[in-house]
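Undergrad: Starting off with a structure, shown below.
The values are calculated or read from the model by the stated rules, or taken from the named source; none is laboratory data. Remember, it's a predicted structure, so these values are computed and weren't measured experimentally. Because the Cβ atoms are built from the backbone with ideal geometry, glycine has one as well, and the counts that use them run over all protein chains shown. Accessible surface areas use protein heavy atoms only, side chains included; no ligands, DNA or RNA. Shrake-Rupley method; radii C 1.70, N 1.55, O 1.52, S 1.80 Å.
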Amino acid sequence: MTEPVQSTPVPIEALADKGPLEPPRSQWKDVWDQFRKHKGAMFGGGFLLFITLAVLLGPWIWQVDPQKLDIRGKDMRPIWTALWDSNAKVGWHRPFGTDQLGRDQLAQILSGGRASMAVGWAAMILSLLIGTMVGVLAGFTRKLDGPLMRLTDLFLSLPILPLLLVAVTLFRQPLREAFGPEGGMFFLIVGIIAITSWMPTARIVRGDILALKEREFILAARSIGTTPFRIVQRHLLPNVLSPIMVSATLGLATAIITESALSFLGVGFPSDFPTWGKMLADAVQRMEQFPERVILPGIAISLTVLSVNYLGDGLRDALDPRIRGR
Amino acid sequence: MKLKSLLMGAVAATAFAPAAFAERGADGEVKIIYWQAPSILNPFLSGGTKDVESASMIIEPLARYNEKGELVPWLVEEVPTVANGGVSEDLTSITWKITPGLTWSDGTPFTSADVAFTHEYCTHPEGGCAQVTKFEGVTSVETPDDLTVVVNFDGPTPNPYGPFVGGESPILQAAQFADCLGAAASTCTEANFNPIGTGPFVVNEFKPNDVITMSANPNYRDPAKPAFASVTFKGGGDARAAGRAVMETGEFDYAWNLQLAPDVIAQMEAGGKGVAVAGFGPLLERIMVNQTNPSPDLPEGERSTAMHPHPFLKEPAVYKAMSMAIDRPLLVEVGYGQAGKVGCSWVPAPEAFASTFDGCETQDLDGANALLDEAGFMDTDGDGIREVNGVPMSIVYQTSTNAVRQDFQALIKEWWAQIGIETELRNIDASVFFGGDAGSPDTFQKFYADVQMYANTFNGTDPQAYLGNGLCDKAPRPDTQWQGENISRFCMEEFDALHAELSGTADMSERQRIGRELSAMITDNGGMIPLVHRGRLSAHSSSLGGVVLNVWDSELWNVADWHRIKSN
Amino acid sequence: MLTFAIRRLVLAIPTLLFISFVIFMLLQLAPGDPMAQVPLTVPPEVKEKMRQALGVGEPALVQYWKWLVQVFWLEPKVFIDYLTNSSTLLGWLPDTNLYNDELRVISWQTRSPVMDIVIQRIPQTLWVVGMSYIVGILIALPIGIYSAYRQYSIFDQSGTFITMIGFSVPPFFTGPLLIVIFSVQLGWFPSIYDTTHVVNDWASLKVQFNQMILPVMVLALQTTAQISRYMRASMLDNLNQDYVRTARAKGLSEAVVVAVHVLRNSMIPVITVIALGVPAIFGGAIITENVFKVNGIGQLLITALFANDLPMVMTLTFIFAVLIVVFNLIADILYGLLDPRIRYD
């Protein structure tokens, strides 16, 4: 009753491969396709591009010196105030109005954005790099965990103000000579913000890595002889991406605001050098009479942070293979 | 006899006083806010204005200055003078007669022994007393009887009203502070936080750097005062919030020293719950011009010292032009409003000491440019900055962090740019800038900048010691650990000689003439550029009566007379 | 886990000593002068005398040693004396008199023991900052969970929008804004916090509630924004894992799947952030405290910093450091409880 065994099995029609229909797709193309579908990310990216171009190219188009005082034209209102208040002091040559010393607000927003964006991005990226590196090292290598986390404790408990003052005393003059008053301050500010803000990222990344490295897929990777470096790069980092993205978004906002707090302490840029944070801080005491002076830089900061947040969301979704293609 | 008549007088005063404040404690609570919180109630250990003024409600001096800068007797019957025999002919001693019948808030009598003890307390070598200069030159304090104090000086002292006069030099109770002399001062927390005094109020609870609650002194000398039964003295926050609490929300009755831009004050006053009041002492906002070279290329220890004179700021054309380029009325309008006047003199008040100079009130950019052109300081390389002997006129302009000062910096930078001077602005946290840390490059004494702006003043009405800030040997330098009051390192033999003459002169009008000359000498020779004569601006609620703003003494000097205005 | 905790606690002592040394040297190095706030009318010689009276001129190591002795030997003695003499909890114990008038850690500003002032400041700090932290967490967790569960729903989008705006406008703006709206215009709440207020009945509790509400709102906004973002991100990572599909496949209800399986696995970064924030409660909220005059520990620290009151700054930052170390340890232990696979030994 044995069935004759077919010496050459006939392939089942339905299961036969018909050859590739499309050329193979690279991983990054998939990521991009997924990313493109994310409306928020596209909006965020677009806005970020717009605001970056605006602060980079804006001062070339709107050629008003943001530091130029015009005391007779002080306290002008933005042009749209004329819509409901015909007596308001407005003028097309000052579309966003002027401040209490007659400095043009539009020019200030544009050139202030340059400084704030530069400081925000540089400090955020630097602090993320330090934080992620320390976090991964501490979480992954047991020997370094103790020392690195105690270092984190140390940095968390350092009082910031004396630290700033020490940094200024030691480094301001050399940096000023090397990069000029504004450039030198830029490096000092970025450095200070970065070294005082990497600790939460480090602890968060470490916590996640501690849990992830005990998962089965890491064991599998290890068992096929993947080097520790590859494990971190290929298996661990992509899995801690989302908290890192959140840190990045929050870090950008914090860096922009912290910069303004630093200039209060005399550690920041020279006092006549506009930044968004400083414009906001200076305008708070007159926010009842001139609400636009707080609203304009406030919106600029909020929208930038919001668009980075959406960009991060989109990137996260795009990089998650489980979501991709759904 | 005397005591009796005094008591009669007090009774009469009570009887005829208006009904509104006839009774002690009738007006309930008064709330005062200082945006700097008091940290101790013993002015001898702190010297901070906030501490001196809060303590002045509790402890009092023998005599103090009124709102016009005149001495008025406080715990004594009259102010001793040569005319009434209280000051000796040779000006070496002064005799105070204490009002009979005075008691401390604990009911014990106030005697000359307390006054003598206060001298001993402050002059103890290990005590670190902040007001020790008040007792400078005092050789002894004698107490012939319970109500007489004789202060002896080591030489003729034209102004013997240093010790025991003004809010900075109140009398402490000997019994309370007996164990707190010298190094033990820090261990007397209870006494420092709750001093027994003769003033209108006594401390109920003191929370350092936060709040003081006080109640009326049951043993206060005037039985009808104070009108308020209790005081809440809150500290902390910032000037804006303090002003708002008085003038906009009406939560508080009195806010101290509102250093805010005039349009901000005006906006608050529009709130309608309170009014701002201003008074003028000798406080002058000025730009100090460094006479020495602050270049960072010089080695540490030679930078900003007399070894290297400044490459161009000592040129008369330069400092004159810098001063001419400044629009002082505009600065007043932008920064201080009713709390500022154009500042033309190093000693802006008292009036008799104030000098002035031509063109102080008007800006003259063309004249300034012409002056520089004439002196031959031209812009030779076409970058818009003039050169002096090949050195470009680029200067660093530093000051402490403060919104008004940063506005001033921006304005002055702009004006100086118009006469071909390039300015780099720098602002430094006040605690570093005014701190005397010899290790920091950013203190105002080190002056590692070309010009710097701050305000200074003096206590009382006699500027002799203050004018001494222009003497050559008071310049901060490495061998004095960078301590010294001659910040601009101004040095002129004629000045030193004239100041010596002032110290030996007793005649008032002559002193005033010399004072004016000294003051003019420093401005004419480019030691400083006066900017704004600043007043003190405080606010009180519309319902608080009796406030007399006093800039020569504690602002709370007459708190006993404060009362609630009845709105009927 | 117990041995781990004990080992870490023992290790914490040298760590803290080292941290305190670093902080001390940093403070010594920082420019500053306790006499900076004394008016310019006081001449430099007098200021120098005052500095000597405070002991500023002594060598740094001597000062450090004195501080160590005061903090680790004298202050505990004072504390034990307090416990046995006047506290209600341990007052029945025989009175001890360990402390006999040695110099405690004395603040340079107030010339009074630092610890007394710190204890004075704790109630308002806990009321305001602590309460805002709890409120913030209680709001943030549900928002984060639900936003992730319904990703890109209206709720998620508006939550994202509000929290990000809330996070990017600083308290030095939101504080005065709330004061202008609620104190000046509407007159509902006071703009100045009364630290002398005593809560003893319903009416006074209501007053306390009124004066707390504005600062708590400002602070809770920041906390909510931060924690809800981390919660959402972490939930999203876990919602698509295989074990979630398994749990659903075996018929568990959505509530159980989300609230037990996913939540527990998503808590690790959130626990980290929460633990990092707890010491900050004690550290106070410098700007918000200043805006509303709460005068808690944050205000104490900032005034001490500006006045260069080193003993105060040193002691406060040290207490802060102790809390950081302790809460990081607690976070590490919680990791182990949440995910038993995590091993430290």
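Undergrad: Is it the case that residue C:5 is in contact (Cβ under 8 Å) with a residue 60 or more places away in the chain, more than 21 Å from residue C:114 (Cα to Cα), crowded, with 18+ Cβ neighbours inside 10 Å and among the small types (Gly, Ala, Ser)? Quick ask: steps written out before the conclusion?
TA: Working: in contact (Cβ under 8 Å) with a residue 60 or more places away in the chain: yes; more than 21 Å from residue C:114 (Cα to Cα): yes; crowded, with 18+ Cβ neighbours inside 10 Å: no; among the small types (Gly, Ala, Ser): yes.
No, not satisfied.
Undergrad: Can you find a residue in the range A:203-221 that is within 22 Å of residue A:255 (Cβ to Cβ), under 21 Å from the mean Cα position of the chain (by Cα) and among the hydrophobic types (A, V, I, L, M, F, W, C)?
TA: Yes.
Undergrad: Working carefully through the options B:260, B:283, B:298, find the one that is in a loop (DSSP other than H, G, I, E, B), within 14 Å of chain C (Cβ to nearest Cβ) and open to solvent by 10 Å² or more (accessible area, probe 1.4 Å).
TA: On the way: B:283 fails: in a loop (DSSP other than H, G, I, E, B); B:298 fails: within 14 Å of chain C (Cβ to nearest Cβ).
Within the list B:260, B:283, B:298, the selection yields B:260.
Undergrad: Moving on to the next point. State yes or no: is residue B:152 touching a strand residue (DSSP E or B) at 6+ places or on another chain (Cβ under 7 Å), at negative phi and touching a residue at least 24 places away in the same chain (Cβ under 8 Å)?
TA: Here the answer is yes, as residue B:152 does meet what is asked.
Undergrad: From the list C:27, C:16, which one is at pLDDT 80 or above, touching a Leu at 6+ places or on another chain (Cβ under 6 Å) and more than 11 Å from chain B (Cβ to nearest Cβ)? Break it down into steps so the answer makes sense when it comes.
TA: Working: C:16 fails: touching a Leu at 6+ places or on another chain (Cβ under 6 Å).
Answer to the selection: C:27.
Undergrad: Separate question: For the range A:150-209, which residues satisfy the criterion of being in contact with an Asp or Glu (Cβ under 9 Å, 6 or more places away or on another chain) and outside any helix (DSSP H, G or I)?
TA: none
Undergrad: Quick check on my filter: what residues within the range C:249-298 are in a loop (DSSP other than H, G, I, E, B) and either within 11 Å of the chain's Cα centre (by Cα) or within 14 Å of another protein chain (Cβ to nearest Cβ) (or both)?
TA: Residues of the range C:249-298 in a loop (DSSP other than H, G, I, E, B): C:250-253, C:284-285, C:293-296.
Passing the criteria: C:284, C:285, C:293, C:294, C:295, C:296.
Undergrad: Here's another thing I want to ask about it. Looking only at residues that are over 20 Å from residue C:112 (Cα atoms), within 14 Å of chain B (Cβ to nearest Cβ) and assigned to a helix (DSSP H, G or I) in the range C:40-82, which one is most open to solvent (accessible area, probe 1.4 Å)?
TA: Only one residue tops the list, namely C:45.
Undergrad: A further question on this structure: Filter the range B:398-426 down to the residues that are within 11 Å of chain A (Cβ to nearest Cβ), without any contact (Cβ under 8 Å) to a residue 60 or more places away in the chain and not charged (D, E, K, R) and list them by number.
TA: Matches in the range B:398-426: B:398, B:399, B:400, B:401, B:406, B:409, B:410, B:417, B:423, B:425.
Undergrad: Which residues, taken from the range C:310-345, are of a type in the set (Gly, Ala, Ser) and within 19 Å of residue C:6 (Cβ to Cβ)?
TA: Just the residues of the range C:310-345 that are of a type in the set (Gly, Ala, Ser), to begin with: C:321, C:331, C:336.
Selection gives C:331, C:336.
Undergrad: Could you tell me which of the residues B:95, B:111, B:103 is within 30 Å of residue C:45 (Cβ to Cβ), more than 17 Å from the chain's Cα centre (by Cα) and either surrounded by fewer than 22 Cβ atoms within 10 Å (Cβ to Cβ) or touching a residue at least 12 places away in the same chain (Cβ under 8 Å) (or both)?
TA: Details: B:111 fails: within 30 Å of residue C:45 (Cβ to Cβ); B:103 fails: within 30 Å of residue C:45 (Cβ to Cβ).
Criteria check complete, one pass: B:95.
Undergrad: Name the residues in the range B:104-120 that are assigned to a helix (DSSP H, G or I) and among the polar types (S, T, N, Q), would you? Quick ask: steps written out before the conclusion?
TA: From the range B:104-120, those assigned to a helix (DSSP H, G or I) are B:112-120; that's our starting set.
The answer is B:112, B:118.
Undergrad: Something else: Going by the conditions given, is residue A:118 hydrophobic (A, V, I, L, M, F, W, C), farther than 30 Å from residue B:437 by Cα, surrounded by fewer than 21 Cβ atoms within 10 Å (Cβ to Cβ) and within 22 Å of the chain's Cα centre (by Cα)?
TA: Values: hydrophobic (A, V, I, L, M, F, W, C): yes; farther than 30 Å from residue B:437 by Cα: yes; surrounded by fewer than 21 Cβ atoms within 10 Å (Cβ to Cβ): yes; within 22 Å of the chain's Cα centre (by Cα): yes.
Judged against the criteria, residue A:118 is a match.
Undergrad: Does residue B:495 fit the bill of being aromatic (Phe, Trp, Tyr), touching a helix residue (DSSP H, G or I) at 6+ places or on another chain (Cβ under 9 Å) and modelled with pLDDT under 85?
TA: Details: aromatic (Phe, Trp, Tyr): yes; touching a helix residue (DSSP H, G or I) at 6+ places or on another chain (Cβ under 9 Å): yes; modelled with pLDDT under 85: no.
So residue B:495 does not fit the description; no.
Undergrad: What helices (runs of 4 or more DSSP H), lying completely within the range A:213-301, carry at least 1 residues that are touching a residue at least 40 places away in the same chain (Cβ under 8 Å) and crowded, with 18+ Cβ neighbours inside 10 Å? Break it down into steps so the answer makes sense when it comes.
TA: On the way: elements: A:216-223, A:241-264, A:276-283.
Result: A:241-264, A:276-283.
Undergrad: OK, next. Within the range A:302-326, which residues are free of Cβ contacts under 8 Å to residues at least 60 places away in the same chain and open to solvent by less than 20 Å² (accessible area, probe 1.4 Å)?
TA: As a first pass, look at the range A:302-326 and keep what is free of Cβ contacts under 8 Å to residues at least 60 places away in the same chain: A:302, A:305, A:320-322, A:326.
Listed by number, the residues that qualify are A:302, A:305, A:320.
Undergrad: Then there is this: Give B:465, B:449, B:438 a once-over and let me know the one that is assigned to a helix (DSSP H, G or I) and aliphatic (A, V, I, L, M). I'd like the intermediate steps shown before the answer.
TA: Values: B:449 fails: assigned to a helix (DSSP H, G or I); B:438 fails: assigned to a helix (DSSP H, G or I).
Just a single option satisfies the conditions, and that option is B:465.
Undergrad: Still on this model: Any idea which residue in the range B:154-207 is surrounded by the most Cβ atoms within 10 Å (Cβ to Cβ), counting only those that are among the charged types (D, E, K, R) and part of a helix (DSSP H, G or I)?
TA: B:190
Undergrad: Assuming residue B:253 fulfils every condition listed in (1) farther than 30 Å from residue B:439 by Cα; (2) surrounded by fewer than 23 Cβ atoms within 10 Å (Cβ to Cβ); (3) of a type in the set (D, E, K, R) apart from one, which condition is it?
TA: Of the numbered conditions (1) farther than 30 Å from residue B:439 by Cα; (2) surrounded by fewer than 23 Cβ atoms within 10 Å (Cβ to Cβ); (3) of a type in the set (D, E, K, R), the odd one out for residue B:253 is (2).
Undergrad: Assigned to a loop (DSSP other than H, G, I, E, B) and more than 14 Å from chain B (Cβ to nearest Cβ) - does that describe any residue in the range A:39-59?
TA: Let us first name the residues in the range A:39-59 that are assigned to a loop (DSSP other than H, G, I, E, B), namely none.
No, there is no match, as no residue in the range A:39-59 is assigned to a loop (DSSP other than H, G, I, E, B) and more than 14 Å from chain B (Cβ to nearest Cβ).
Undergrad: How many of the residues in the range B:109-136 are within 14 Å of chain C (Cβ to nearest Cβ) and small (Gly, Ala, Ser)?
TA: The first filter runs over the range B:109-136 and keeps only residues within 14 Å of chain C (Cβ to nearest Cβ), leaving B:121-136.
Filter once more, so that each one left must be small (Gly, Ala, Ser): B:127-128, B:130.
Total meeting the criteria: 3.
Undergrad: Can you name the number of the only condition in (1) modelled with pLDDT of 85 or more; (2) out of contact with any helix residue (DSSP H, G or I) (no Cβ under 7 Å at 6 or more places or on another chain) that residue B:490 fails?
TA: (2)
Undergrad: In the range A:125-161, what residues are at pLDDT 90 or above, under 25 Å from residue C:343 (Cα atoms) and polar (S, T, N, Q)?
TA: Scanning the range A:125-161 gives A:132, A:152.
Undergrad: Oh, and also: Identify, by number, the condition in (1) of a type in the set (A, V, I, L, M); (2) in a helix (DSSP H, G or I); (3) under 30 Å from residue C:16 (Cβ atoms) that residue C:342 doesn't meet.
TA: (2)
Undergrad: Looking only at helices (runs of 4 or more DSSP H) that fall completely inside the range B:1-83, which ones have 1 or more residues that are surrounded by 14 or more Cβ atoms within 10 Å (Cβ to Cβ) and modelled with pLDDT of 85 or more?
TA: B:43-46, B:49-55
Undergrad: Are any residues in the range A:63-93 among the basic types (Lys, Arg) and either in contact with a His (Cβ under 7 Å, 6 or more places away or on another chain) or farther than 16 Å from residue B:415 by Cα (or both), and if so, which ones? Reasoning before the result, please.
TA: First pass over the range A:63-93, keeping only residues among the basic types (Lys, Arg): A:68, A:72, A:74, A:77, A:89.
Scanning the range A:63-93 gives A:74, A:77, A:89.
Undergrad: Among residues belonging to the range B:449-466 that are closer than 15 Å to residue B:399 by Cβ and open to solvent by 10 Å² or more (accessible area, probe 1.4 Å), point out the one that is nearest to the other protein chains (Cβ to nearest Cβ). Spell out the reasoning first.
TA: Restricting attention to the range B:449-466, the residues satisfying the condition of being closer than 15 Å to residue B:399 by Cβ are B:449-456.
Checking which are open to solvent by 10 Å² or more (accessible area, probe 1.4 Å) leaves us with B:450, B:455-456.
Values: B:450: 14, B:455: 8, B:456: 5 Å.
Step by step, filter the range B:449-466, then rank; the result is B:456.
Each row is one residue, and each column tells you yes or no for (1) surrounded by fewer than 21 Cβ atoms within 10 Å (Cβ to Cβ); (2) among the aliphatic types (A, V, I, L, M).
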position: B:376; (1), (2): yes, no
position: B:379; (1), (2): yes, no
position: B:430; (1), (2): yes, yes
position: B:442; (1), (2): no, no
